[in-house]
1. Considering only the range A:157-262, give the helices (runs of 4 or more DSSP H) lying wholly within it that have at least 2 residues that are in contact with a Gly (Cβ under 8 Å, 6 or more places away or on another chain).
2. What number of residues within the range B:256-277 satisfy the criterion of being outside any helix (DSSP H, G or I) and in contact (Cβ under 8 Å) with a residue 40 or more places away in the chain?
3. Considering only the range B:11-25, state which residues are of a type outside the set (D, E, K, R), assigned to a helix (DSSP H, G or I) and at pLDDT below 90.
4. Kindly indicate which of B:Arg312, B:Arg317, B:Arg250 is surrounded by 15 or more Cβ atoms within 10 Å (Cβ to Cβ), in contact (Cβ under 8 Å) with a residue 24 or more places away in the chain, charged (D, E, K, R) and under 30 Å from A:Asn69 (Cβ atoms).
5. Which of (1) touching a Pro at 6+ places or on another chain (Cβ under 7 Å); (2) more than 21 Å from B:Gln110 (Cβ to Cβ) does B:Arg233 not meet, given it meets every other one?
6. Here is a check on your reading of the model: is A:Glu9 loosely packed, with under 13 Cβ neighbours inside 10 Å, under 21 Å from the mean Cα position of the chain (by Cα) and modelled with pLDDT under 55?
7. Among the residues of the range B:1-59 satisfying the criterion of being within 14 Å of chain A (Cβ to nearest Cβ) and charged (D, E, K, R), which is farthest from B:Glu324 (Cα to Cα)?
8. Inspect all residues belonging to the range A:159-166 and state whether any of them is more than 17 Å from the chain's Cα centre (by Cα), within 14 Å of chain B (Cβ to nearest Cβ) and buried (at least 22 other Cβ atoms within 10 Å of the Cβ).
Amino acid sequence: METSVANLESPVSGHNSNESVLCVEELHKYYQMGDNKVHALRGVNVEINRGEFVAIMGASGSGKSTFMNILGCLDKPSAGRYLLEGIDVAGHDKTQLAGIRNRKIGFVFQGFNLLSRTTALENTELPTLYARLDKEERRARALESLRLVGLADRTDHFPSQLSGGQQQRVAIARALVNSPSILLADEPTGNLDSRTSVEVMEIFQTLNDQGLTIILVTHETDIANFARRSIVFRDGTIRRDEIISRRSVAAELIKTMPTLED
Amino acid sequence: MDLLSTLQIALRALLRNKMRSILTMLGIIIGVGAVIAMIGIGQGADQTVQKQIATLGSNMLFISSGSATGGGLRMGNGSTKTLLESDIVAITRECPAVVAAAPGVQTSAQIVYEGDNWGTRVVGTTPEYFDIRTWPFESGTSFTADDVTNAANVAVIGETVRKNLFPSIDAVGKKIRIGTLPFLVVGVLIAKGQSAALSEDQDDTIIAPLTTVQKKMTGQPWLRFAMVSAGSRSSSYVAQQQIKALLRDRHRIRPGQADDFTVRNLADIADVASEASKVMTVLLGSIGGVSLFVGGLGIMNIMLVSVTERTREIGIRIAIGATEGDVQKQFLLEAIAISLLGGVIGILTGVGASFVISSTAGWPIAVSTSAILIAALVSIAIGVFFGYYPAQKAARLDPIEALRYE
C-alpha cells in the first residue's frame, strides 16, 4: 500500500513559528458522580505553539481524556482559562463552540467514526456542510483533503469497502477539510495493526512538517515517540512535559517493517 | 447546513430503512386516505341527495288537506273535505310568489291492457302538474286543459306502469282500462326513479285529468293535495307563508285554531338532508383525525428509535461542528418527509378509493382541491408536531457520551 503523502501543498500556513495556538491556565474539572465529586483535572497549565506535535500520555483515569474533551470544545472546564488562538473559549455558547469545533479543530478518533453507507468523499465533505460552504467549494476541498492522505482513488468507496488504515485516513482527510488550527487525535492507532499504525503516523509527521499543529492522545510509548513533545498526565495533573529526544521517523521505520501478506 | 443538503440526508436515512419508513407512513396514509375518501364520498352523496330532491320538482311546495276530526277520531292528513279546486285557483291568482299550481286527487286502481293488469296509484290533476314537477315525456304528450274541462278518458302513464303493461310496444294510442273505465294512453313519462325524500317509486303511477278521476272514479269533489311551484328557492319560503295565510282566510280559520291543511316546502327537506350529510362528514372526518393522530404517534415512536440507533452518528456530527439547530433540523425534516410522503400517498389512495366507490355507487366524484391541500398541510403539521420532541432529543445529546455509544 502506498502511503506517500510527501511534497504536497501545506494544509496550514505558518511553519514552526513560536506563536501560541492554545494556552491553558489553572484548568480544573469536577464531575458529580452520584454523591461523589470527582476531581478529574486539578490545575493544568500548558501552552502549545503553532507547528508542535504533542503526545499526551497517561493511564486511564489520569485525566487525559477529560483534557482532550476540553481542548476539543466538547466539554467545558469547571474553572480556569482555555485560550484557543488567543480567544477565551469559556465565554462561548453552544452554537459558537460548534463553530470552533467545525473550523478550528480537526478530530481523529480511535474508532474512525465515519458514517456508514456514506462514501469516503461524502464523509470528508461533512464538516464543510456545517461550515455552509457552497457546493463546488465543498467538493474541491474534500477531494484535495483525500488527495492529501493518498486516497484520491478511493473517493466513491464506502467505509465497509476500505481497510482500517484507509478508513482512518478518510477520518484524517475529514479532520483536515476545513483547514483547522489543531488536529486532535484520540488514540488514532488503537484499532490498527503495527504497520498501519506507522503508516498513519507517517501521515501525521508529514502534516506536522508542513506546519500543522497536532495533539495526539495515546498510551503507547512507541506511538508517542513519533511526536516532538510528550506530556504525561497523572491524577489530574501534568506529571512530565518534555521534548522527545530520540524521535522515531515513520518514513524510515516503515522501510524496515515487513509487509504482511495473507 | 443548507436546507437542500439536510433534505438529502433525511431522504437517504429514510431510504436506508425502506420497510420501516413505509410501515411508519402507513398510519398517515390510512388517516389521510380515509379523510380524503370520506370527504369525497360525503360530498358526492350530498350532491346526489340534492339532485334527487330536485327531481321532485323545482322549488316545489306540497299542500295536503289536513286531518278531519269526527267524534274524537282524528283521521290523518288528507281526510278533510275543505281543500277545493277554487282554493288552488285563488292561490295562483292571489299569491305573488307562486308561479303555478296544480290540484290533485289520488286513488288506486287496477289497470288492464289486453291480458295483463297492474295495480297502481291513480293521480287526477291538471296539465300544470308536469311542469311543476319538471317531468318530461318519454313519448306522447300531456292531456290538455280541454280534457280536464270535458273529463275526458285520457291518461299519462309512468315508466313502471309502461314496463309492466307495454314491455315491448309503444304505449301511446293504446286503449287501457282503469278499473272498469276505458282510457286512451296519450303520453309516457320519463323515469324519475326512487325518491329518496318520499321513499316511493315515483314512476309507479298513472295520471289522468282531475275531473275525470273526481267525477268518474272517486266521486269526491274535494282535493287530496296540490303542488305549487315558486319562482326560486328563496321565494318558496315566501310562497309558503302566503299560501298559509290565504288558505286560513278562505277556510275561515280563527287565530289560535289549527290549520286544516299542511304546506310542506321541499327546500326544507333539502336542508335537512344536507344537514345530515354535514353531520356525517364531521363524524367521518373525526375518525380520520384520530387515525392521523395515531399515525403521528407512530412517527414519533420511530423517530425516537432512530435517534437512539444513530446516537453515534449524532455524536460525530456534533463533534465535527453541527450545531443543535443543524441536528434538530435534520431529524425534524426526516419526520416531515415521512409524514408528507405518507400524506401524498394517502391523498392518492383516498382519491382512488372515492373514485372507485363513486363509480360503483353512480355518484358524482367530488374530491375538492381544498381537501387535498388541507390534507397536505396537515401532514406537514403532524411531522413538525410529532417530530419536534425526537429532534430536540437528538440535538441535546452530549457529544462525549454519544461518541462512546455502542
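The values are calculated or read from the model by the stated rules, or taken from the named source; none is laboratory data. What you are looking at is a predicted structure, and each value in this text was computed from that prediction instead of being measured. Cβ placement follows ideal geometry from the backbone for every residue including glycine, while neighbour counts extend to all protein chains displayed.
1. A:164-176, A:194-209
2. 8
3. Matches in the range B:11-25: B:Leu11, B:Ala13, B:Leu14, B:Leu15.
4. That would be B:Arg312, the only listed residue that is surrounded by 15 or more Cβ atoms within 10 Å (Cβ to Cβ), in contact (Cβ under 8 Å) with a residue 24 or more places away in the chain, charged (D, E, K, R) and under 30 Å from A:Asn69 (Cβ atoms).
5. Only one criterion in (1) touching a Pro at 6+ places or on another chain (Cβ under 7 Å); (2) more than 21 Å from B:Gln110 (Cβ to Cβ) is unmet by B:Arg233, namely (1).
6. For A:Glu9, the condition - loosely packed, with under 13 Cβ neighbours inside 10 Å, under 21 Å from the mean Cα position of the chain (by Cα) and modelled with pLDDT under 55 - is met.
7. Per the criteria, the residue is B:Lys18.
8. Checking the range A:159-166: not a single residue is more than 17 Å from the chain's Cα centre (by Cα), within 14 Å of chain B (Cβ to nearest Cβ) and buried (at least 22 other Cβ atoms within 10 Å of the Cβ).
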